[in-house]
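Peer 1: Right, I'll just put the structure down here and ask away after.
Values quoted throughout were computed directly from the atomic coordinates according to the rules given, and no laboratory measurement underlies them. Since we're looking at a predicted model, the values are computed, not measured. Don't worry about glycine lacking a Cβ; one is built from the backbone with ideal geometry, like all the others, and counts go over all protein chains shown.
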Amino acid sequence: MKIENSEFENLFIDLTRRCNLYCANCYNPVNSSPDMTVEYFESVVKKLSSPVRINLIGGEPTLNKDLFEMIDIGKSYGHSVVCVSNGLRYAEQDFIRQCEKHPCIYYMTCDGGSNRDIYKKMNGSDCYETKMKALYNLLNSTIKHVAIGAIIIRGLNEFVIKEFVDLAKIKKNIKFLKFRTVGKVGRHIETNPYTIPELKSLLHQYIPVSECALKDCNQCGSCYRIIHNGLYISIIEFASAQSAKCNKRGQILDGFNVERFFQHMREKTNDIS
């Protein structure tokens with residue numbers, strides 16, 4: 001459908017196909033397509049008929065030189081903006097200063113939590129030190145809305161759920177936690193992905209259901225949301241046949257079109273290893 005007819009609450013926009021990691025789980029092929037321009041970005045957001053949450057993705061969106069201008073443009077049209085990053089550039093102090101000057105929700109992935117070896121396995125790089133510096137910079141900045149997330153792999157990194165919950169109790173600028181399953185699209189680790197009920201059970205070992213406001217998604221059954229003392233926590237069934245039916249998430253395509261996010265992902269990703 002055309003962007004102006006979109007009813008998606010969350011829209012995802014690829015700012016670049018370039019990336020500075022080679023992760024074991026990656027649905028988006030890295031190629032030499034040119035980065036999105038400011039002009040095209042503004043032409044997209046101005047066509048939206050009502051405010052939405054715009055998720056800036058890639059590739060790695062922080063590699064687009066015009067990232068901060070795009071954040072400002074998105075907000076100027078009344079949209080909320082999320083920079084969805086692997087976090088490596090947050091380790092740069094100059095970059096964090098720019099983030100502080102251009103506020104939005106700054107998200108980073110921390111698949112390995114406090115475990116160096118898991119970053120090597122999942123991110124294809126010994127990036128532990130950089131990730132920890134990036135997280136430190138985010139949490140000790142003036143940025144008011146920080147989000148951290150992880151892909152949870154059976155038998156590998158379930159411990160990060162507790163680590164994130166405990167960290168959010170200390171660092172009050174962490175406003176969002178997101179845990180997702182392995183999506184069997186593109187390049188991915190072969191595993192038996194967790195189900196939503198299983199991840200809910202893991203999460204509620206640390207946050208009792210009785211203390212939460214529940215925000216179950218009744219549209220597709222592929223996500224689960226709670227609010228606990230002002231902290232928003234999401235569990236996402238990633239790129240499954242069920243999640244492909246989700247009408248809350250849309251992907252901006254060429255020609256000012258939009259399609260269901262996970263549906264588009266499943267259709268476009270074959271072998272990108």
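Peer 1: Can you give me the Cα centroid spacing of the range 227-249 and the range 151-169 in angstrom?
Peer 2: Result: 17 Å between the Cα centres.
Peer 1: Could you give me D for the range 7-97, from Stokes-Einstein at 25 °C and 0.890 mPa s, where the hydrodynamic radius is the Kirkwood radius over C-alpha pairs? Units µm² s⁻¹, please. Let's see the in-between values first.
Peer 2: On the way: Rh = 13.7 Å.
Value of D from the Cα-based Kirkwood radius: 179 µm²/s.
Peer 1: How do 65, 184 line up, fewest other C-beta atoms within 10 Å first?
Peer 2: On the way: 65 11, 184 17.
Sorted ascending by nearby Cβ count, the order is 65, 184.
Peer 1: Sticking with this structure for a sec: Considering the Cα trace of the range 161-237, what is its radius of gyration and what is Dmax, both in angstroms?
Peer 2: 13.1, 38
Peer 1: Further question on the same structure: For the chain, give the share of DSSP beta bridges that are antiparallel, in percent and rounded to the nearest 5; count only bridges with both residues there. Each step should come with its number before you reach the end.
Peer 2: Numbers: 14 of 45 bridges.
Antiparallel: roughly 30 percent of the beta bridges in the chain.
Peer 1: Using a Gaussian network for the chain with springs between C-alpha atoms less than 10 Å apart, which of these wobbles most: 205, 93, 251?
Peer 2: Ranking 205, 93, 251 by mean-square fluctuation puts 205 first.
Peer 1: I would also like to ask the following. Please name which of 151, 199, 137 has its Cα lying farthest along the dipole of the chain towards the positive end, using unit charges on Cβ (Lys, Arg +1; Asp, Glu -1) and the Cα centre as origin.
Peer 2: 199
Peer 1: Another question, if that's okay. Using only the alpha carbons of the chain, determine the length spanned along each of the three principal axes and report them from longest to shortest in whole angstroms.
Peer 2: So the three principal-axis extents are 45, 41, 39 Å.
Peer 1: Of the options 55, 213, 11, report the single residue whose Cα projects farthest towards the positive end of the charge dipole of the chain (beta-carbon charges: Lys, Arg +1; Asp, Glu -1).
Peer 2: It is 213, whose Cα lies furthest towards the positive end.
Peer 1: Sticking with this structure for a sec: The range 90-155: D in µm²/s via Stokes-Einstein (Kirkwood Rh, Cα pairs, 25 °C, 0.890 mPa s)? Walk me through the intermediate numbers first.
Peer 2: Values: Rh = 12.5 Å.
My calculation gives 197 µm²/s for D.
Peer 1: Considering only Cα-Cα distances, which of the following residue pairs are longer than 26 Å: 101/175; 65/133; 144/245? It would help to have the intermediate numbers written out before the result.
Peer 2: On the way: 101/175 19 Å; 65/133 22 Å; 144/245 33 Å.
Beyond 26 Å between Cα atoms: 144/245.
Peer 1: If amide hydrogens are placed 1.01 Å from N in the peptide plane, which non-local residues have theirs closer than 5 Å to the one on residue 238?
Peer 2: Here the answer is 181, since their amide H atoms fall under 5 Å of that of residue 238.
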